[in-house]
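As structure tokens, the structure follows; a few thoughts come after it.
Please treat every number below as a calculation from the coordinates, not as lab data. Since the model is a prediction, treat every value here as computed from it, not as a measurement. In this analysis, Cβ positions are derived from the backbone assuming ideal geometry, glycine residues included, and neighbour counts consider all displayed protein chains.
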Amino acid sequence: MSMSVKDAIAARHSVRAFAKKALTEGEITELIEAARNAPSSLNSQPWRFKVVTAAADLAWFGTSEATRKQGWLSAAPAIIISCVDLAHYIKDSQAAAFFFRDNKLIEGEPMDGIDAYVAREAAAAEQAKFGACAMNTAIAEAFLMLRATEMGLGTCWVGMFDEANIKSRFHLPEGYRVVNIMAVGWPDEAEVFPRKRKSLEDIVIS
């Protein structure tokens, strides 16, 4: 299946009903590859993805207090846990700034601004670092969702979860933070309701 980016944007919607059809390894790779190619501040690429496909783990998502027992999650053939690596976010940002300056790709006040930005991020509290990483990861996930739509798949971004519970069950590394979880699979919807969006007049500042 192939469609334009414009068509994918128009077709994408949150899917909460999935067919009993597994995703192949190749299909999952396509999704992660789309996310991998997203832009990020100073090319820091702080995102890390845990793809969950085991039946017991999928059942847990639908019955656990960690996700407020949203039962429909259990029917998804895959759930992607989107995480960020806070430590490498700083290291990779510092490395990018060094590369720009050392190779004279950016000079003068713009480069001074980049150095100041990286220093500020390095000294920031964890929650501030997490916010910056989450912003970058959201871009990557948008890429993933549009690629999924092009492939005929459905996705649903879920922000209600208990982070500590999820980190413990899936043994996520120290220093990782969970941004959200995303259900992915082949849609099996009885009806697709129109999405409500604000008008251009509501969102464009004159």
Selection count where residues are aliphatic (A, V, I, L, M) and either more than 16 Å from ILE181 (Cβ to Cβ) or over 20 Å from the mean Cα position of the chain (by Cα) (or both), scope the range 1-59: 17
Qualifying positions in the range 70-86 - part of a helix (DSSP H, G or I) and over 18 Å from the mean Cα position of the chain (by Cα): GLY71, TRP72, SER74, ALA75
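A quick yes/no check of all residues on (1) closer than 20 Å to GLY175 by Cβ; (2) out of contact with any helix residue (DSSP H, G or I) (no Cβ under 7 Å at 6 or more places or on another chain):
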position: ALA19; (1), (2): no, yes
position: ALA22; (1), (2): no, yes
position: LEU31; (1), (2): no, no
position: SER40; (1), (2): yes, no
position: LEU73; (1), (2): no, no
position: ASP102; (1), (2): no, yes
Any hit, the range 99-109, residues being under 22 Å from the mean Cα position of the chain (by Cα) and part of a helix (DSSP H, G or I): no
Number of positions in the range 147-206 that are in a strand (DSSP E or B) and touching a Gly at 6+ places or on another chain (Cβ under 9 Å): 9
Elements of type helices (runs of 4 or more DSSP H) in the range 1-69, at least 3 residues being under 24 Å from VAL192 (Cα atoms) and free of Cβ contacts under 8 Å to residues at least 60 places away in the same chain: 5-11
Residues (in contact with an Asp or Glu (Cβ under 9 Å, 6 or more places away or on another chain) and either surrounded by fewer than 17 Cβ atoms within 10 Å (Cβ to Cβ) or under 14 Å from SER44 (Cα atoms) (or both)) located in the range 101-154: ARG101, ALA128, LYS129, ALA132, CYS133
